[in-house]
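Just below is one structure, and these are the notes that go with it.
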Ligand SMILES: [Zn+2]
């Protein structure tokens with residue numbers, strides 16, 4: 001579809017047109033594009049190509065963007081029902097996770113969007129300050145330390161720092 005078509009259609013109308021009939025669980029399954037973790041995506045602005053449909057759902061109800069993470073009560077990443085979404089307080093969740101000793105976020109639903117930007121920035125800053133090998137790569141012990149500290153997999157770390 002040409003870009004102009006999107007621009008003339010308000011965000012809420014585009015959002016609503018991509019929702020499937022609610023299923024038994026009450027989930028609103030996203031019928032549009034999804035990222036590889038199963039989160040719905042919506043074209044947003046020319047500079048910020050896609051935005052998570054869950055964020056649009058939150059915005060339409062609350063008239064503001066989530067301040068940190070947006071979590072599902074239903075554990076269904078494809079669900080965009082605003083009643084199934086809640087704003088996680090990044091710091092509390094983080095402390096809680098570390099205290100419970102959970103190694104990492106549940107499953108693979110831990111793309112960049114799930115991390116509050118401050119934490120992504122912290123990870124990137126720390127990563128960039130790590131000692132490098134002669135070939136210019138970040139040495140493995142340093143990477144390992146970040147992965148353990150933030151409870152993320154090497155794939156996830158790679159995804160964060162490559163963005
Ligand atoms: Zn749901």
field: Scope the stretch 34-45; condition at pLDDT 85 or above and assigned to a loop (DSSP other than H, G, I, E, B); matching residues
entry: 38, 39
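Which residue is farthest from the ligand (Cβ to nearest atom), if the candidates are limited to the stretch 68-84 and must be in a strand (DSSP E or B) and within 13 Å of residue 28 (Cβ to Cβ)?
Keep residues of the stretch 68-84 that are in a strand (DSSP E or B), which gives 69-72, 79.
Add one more test, that the residue is within 13 Å of residue 28 (Cβ to Cβ), and what stays is 72, 79.
On the way: 72: 6, 79: 3 Å.
Checked the stretch 68-84; the qualifying residue farthest from the ligand (Cβ to nearest atom) is 72.
Answer with yes or no whether residue 147 is surrounded by 12 or more Cβ atoms within 10 Å (Cβ to Cβ), in a helix (DSSP H, G or I) and at pLDDT 60 or above.
Numbers: surrounded by 12 or more Cβ atoms within 10 Å (Cβ to Cβ): yes; in a helix (DSSP H, G or I): yes; at pLDDT 60 or above: yes.
Considered against the rule, which asks whether it is surrounded by 12 or more Cβ atoms within 10 Å (Cβ to Cβ), in a helix (DSSP H, G or I) and at pLDDT 60 or above, residue 147 comes out as yes.
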- prompt: Name the pairs: first residue in the stretch 63-88 and within 16 Å of residue 11 (Cβ to Cβ) and assigned by TED's automatic domain parsing to the domain that holds residue 15, second residue part of a strand (DSSP E or B) and within 11 Å of the ligand (Cβ to nearest atom), Cβ to Cβ under 7 Å, at least 6 apart or on different chains?
  reply: 80/30
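The values are calculated or read from the model by the stated rules, or taken from the named source; none is laboratory data. It should be emphasised that the depicted structure is a prediction, and the values quoted were computed from it without experimental measurement. Virtual Cβ from ideal backbone geometry, glycine too; neighbours counted across all protein chains shown.
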